[in-house]
């Protein structure tokens, strides 16, 4: 990500549980002759448009040893085309009163601008040019690699939690590249250069590997003619199929412990390899979204059993990223109340899961979760960015526009039996990764142990 | 290539200025005298409400840091006949989002609800405002969470640096104390304290309300009466005295073993009603507020690759104006980065800004302002903030005018006022090289 964009990340997280809605966005879609897919979500409340180009390529499409190249390229995309000199892209957008940024995930890379509706033509022209005419100089590429290394320090290495997150992902995936950090391992980032980034660009950036998403105050006819004008002439190019190494069956539970002097509060995390909407046992995916909602809401099972009253945890939650090109994870996390142990929290968490696997969820829990998720689909219409983001994440991970639009119906149809079947299929401790992030053992304790030995 | 460039920029320049008519604001007053600013928006069957009460964490008595913050959390943890679980479950049943949050100067309320659950939402809101329970269970739970967070904050570079910065800038003042509970203050926070704060802050004269939604003024009046109408007239909280942030001769270094140094720098800024507020807004954009268009980003990130992000902000609080910026960089580069910051401050104080910079800043600030107003929730927040700052309902339409009125000589004057002394408060958390503390 080029600039801190946490808001965007959390938005996406919110949408992962509840992607958009049937007969809510009513998107218009078409495909240009060169294969560029176009999605328009009309919203005429304000004379503003959100313009986004999403590429069907992300960190999980990198070659082994070149982790971070997708994200480094995202930074270099601001470093010049024949008509927009290096560093000028964002300045031009700003001079037009607009805002722009970009982001990289494991499965996609996106670029966006928010502008007044009459500036759409301008940003489309610039975005189209960098789709096929990126020209970056060595002099610009080198300091940008230092920026990326600083970004890695800021995001990851400054925080033991983030560092441990990387270790957990790496343990979760034995073979699949989801085990690599999106920003890249530090030693591999250092070995990147302009040539490698441009090779990645030439391999993956093409109109037929991209999706244009516009949300806001523009009509389908206007957008169609603008899209033809700016993107229509970019030649189609062959792009490699997205064939990533897949995971072998997990036979042994994996447990990780990290101790760090900077940690003052222990935390527990648990993840299970899980199907996404488009990979693995995908019939379980929507029920898993419902299950996550049931587990983690403010009065949900995790709260009632782990946090409320004299429960051992200060906080507990679950997270399921349903939009992923390959198998994803179902995640649980908790941290002990001061004075309580992480072991106690894990025992209590396992008890919640054991009961869930034995009895399933109640009709009341299911109804409440569905209610909240359906309302979420209506509230989603209140955000231009969120609407565009939902379609982008879905379409770059193999989901169709119709499947996104059908979300409320899919949620409505989920039964208790399906939630139970999904839980039983995924929440098997033998196929889990459990992490304990702990403070450094105290000097005093260490000494005591020595004496005891 | 050069020629193509020129053609391109010419095309950019030919674009017309941005004309944007703001949303139509209706001032709605209920029978009991509750006023709200309403924007009717029928396209989505929902309502967004933002309310703000003057009196936030700065009202925490000494030794009771976190009183307002925890009370805000507890207001939705049981009210009237409903205990915490029943109250939260009722919110969930209606897919109602109802949250209180305390900042330094305000207690804020955000409500978001679908049309068909509106009555239920305002019933629950009325209960939270007039009959919060503050039961033992949620208090113990919220305090345990706060204790865990306080322990985490002890070793979080961002918390560490802000704590030290504010304590130094505002000695013996409420703004210099923590706004979250601390390990020391938690034992001093009891049920009676939360109840006292909520009774003191939840009144009518210190309240402003913004509403956006699919609702008529008459319907809104009824709901306002039923929820806010029963509050007492006056708040008993006292705003802390106005204070000018202090600076120090030398940087303060908090030694911490981390790969990067986090550097926070700043000094006196402006109050919101300062006549130079818009001048300072433009100045801040050019110096460090404008992301990729700011001088600090250009010098420190783009040219030298020393940071991922560097920026400055104006914080116009009710009792102090603060100018503040931050960056993070590898420990061995900290001295170099800070020197570049000082250089940029000195240069802008001495030379002001260029005509081009002024034009670019104005274009961005006037053009991007309406982009903030694309969601019902954001507009409701703006309506409340406008009232809190005593801005008229025409503020949205006149914002561009205020910015366009800024002249280059104004910028020079305000840059000198803020930066000519060279005094900066600098706090560093890390193991910085090249900085003498």
Looking only at segment A:165-182, which residues are part of a helix (DSSP H, G or I) and more than 24 Å from residue B:157 (Cβ to Cβ)?
A:170, A:171, A:172, A:177, A:178, A:179
Filter segment B:296-313 down to residues that are in contact (Cβ under 8 Å) with a residue 24 or more places away in the chain and buried (at least 20 other Cβ atoms within 10 Å of the Cβ), then give me how many there are.
6
Being within 17 Å of residue B:352 (Cβ to Cβ), more than 8 Å from chain A (Cβ to nearest Cβ) and in a helix (DSSP H, G or I) is the filter here; which residues of segment B:285-297 pass it?
B:285, B:286, B:287, B:288, B:289, B:295, B:296
So, residue A:78, is that one assigned to a loop (DSSP other than H, G, I, E, B), within 13 Å of another protein chain (Cβ to nearest Cβ) and over 26 Å from residue B:293 (Cβ atoms) or not?
no
Return the only residue of A:226, A:288, A:306 being closer than 30 Å to residue B:73 by Cβ, at pLDDT 95 or above and away from chain B (no Cβ under 14 Å).
A:288
Just a yes or no: is a residue in segment A:332-350 touching a helix residue (DSSP H, G or I) at 6+ places or on another chain (Cβ under 6 Å), in contact (Cβ under 8 Å) with a residue 24 or more places away in the chain and closer than 17 Å to residue A:426 by Cβ?
no
Total residues in segment B:38-59, condition surrounded by 22 or more Cβ atoms within 10 Å (Cβ to Cβ), under 21 Å from the mean Cα position of the chain (by Cα) and part of a strand (DSSP E or B):
6
Which residue is farthest from the other protein chains (Cβ to nearest Cβ), if the candidates are limited to segment B:82-103 and must be free of Cβ contacts under 8 Å to residues at least 12 places away in the same chain and over 23 Å from residue A:378 (Cα atoms)?
B:86
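Of B:348, B:353, B:379, which residue is buried (at least 21 other Cβ atoms within 10 Å of the Cβ), in contact with a strand residue (DSSP E or B) (Cβ under 9 Å, 6 or more places away or on another chain) and at pLDDT 95 or above?
B:379
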Can you name every residue in segment B:89-103 that is surrounded by fewer than 21 Cβ atoms within 10 Å (Cβ to Cβ) and farther than 16 Å from residue B:126 by Cα?
B:89, B:92, B:93, B:101, B:103
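Collect the residues in segment A:150-164 that are assigned to a helix (DSSP H, G or I) and either touching a strand residue (DSSP E or B) at 6+ places or on another chain (Cβ under 8 Å) or without any contact (Cβ under 8 Å) to a residue 24 or more places away in the chain (or both), keeping them in residue-number order. Reasoning before the result, please.
To start, the set of residues in segment A:150-164 that are assigned to a helix (DSSP H, G or I) comprises A:150-157, A:160-164.
Residues satisfying the conditions are A:150, A:153, A:154, A:157, A:160, A:161, A:162, A:163, A:164.
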Of all the residues that make up segment B:190-210, how many are part of a loop (DSSP other than H, G, I, E, B) and out of contact with any helix residue (DSSP H, G or I) (no Cβ under 6 Å at 6 or more places or on another chain)?
5
Unmet criterion (only one of (1) over 17 Å from residue B:391 (Cβ atoms); (2) in contact with a strand residue (DSSP E or B) (Cβ under 7 Å, 6 or more places away or on another chain); (3) at pLDDT below 95; (4) surrounded by fewer than 14 Cβ atoms within 10 Å (Cβ to Cβ)) for residue B:7
(2)
With the requirement that a residue be within 24 Å of residue A:149 (Cβ to Cβ) and either in a helix (DSSP H, G or I) or within 13 Å of another protein chain (Cβ to nearest Cβ) (or both), what does segment B:261-284 give you?
B:261, B:262, B:263
Could you please let me know if residue B:180 is in a loop (DSSP other than H, G, I, E, B), modelled with pLDDT of 95 or more and within 26 Å of residue B:319 (Cα to Cα)?
yes
Taking the conditions exactly as written (more than 10 Å from chain A (Cβ to nearest Cβ) and assigned to a loop (DSSP other than H, G, I, E, B)), does residue B:118 satisfy them or not?
no
For segment B:330-338, check the following and say yes or no: at least one residue is closer than 30 Å to residue A:137 by Cβ and modelled with pLDDT under 95.
no
Here are the criteria: (1) within 18 Å of the chain's Cα centre (by Cα); (2) facing chain A (nearest Cβ under 10 Å); (3) crowded, with 18+ Cβ neighbours inside 10 Å. Tell me which single one residue B:364 does not satisfy.
(1)
If I filter segment A:338-362 down to residues being within 14 Å of chain B (Cβ to nearest Cβ) and assigned to a helix (DSSP H, G or I), which single residue comes out as surrounded by the fewest Cβ atoms within 10 Å (Cβ to Cβ)?
A:344
Given the condition assigned to a helix (DSSP H, G or I), outside the structural domain of residue A:54 (by TED's automatic domain parsing), under 21 Å from the mean Cα position of the chain (by Cα) and within 23 Å of residue A:58 (Cα to Cα), answer yes or no: does some residue in segment A:406-424 qualify?
no
Checking the condition crowded, with 24+ Cβ neighbours inside 10 Å, in contact (Cβ under 8 Å) with a residue 60 or more places away in the chain and more than 7 Å from chain B (Cβ to nearest Cβ), which residue from A:121, A:107 passes?
A:107
One residue is enough: does segment B:210-227 have a residue meeting the conditions more than 19 Å from the chain's Cα centre (by Cα), more than 30 Å from residue B:382 (Cβ to Cβ) and in contact (Cβ under 8 Å) with a residue 12 or more places away in the chain?
no
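The values are calculated or read from the model by the stated rules, or taken from the named source; none is laboratory data. As the structure is a computational prediction, the values presented were derived from the model and not from experiment. Methodologically, a virtual Cβ is constructed for each residue, glycine included, from the backbone with ideal geometry; neighbour enumeration extends over all protein chains shown.
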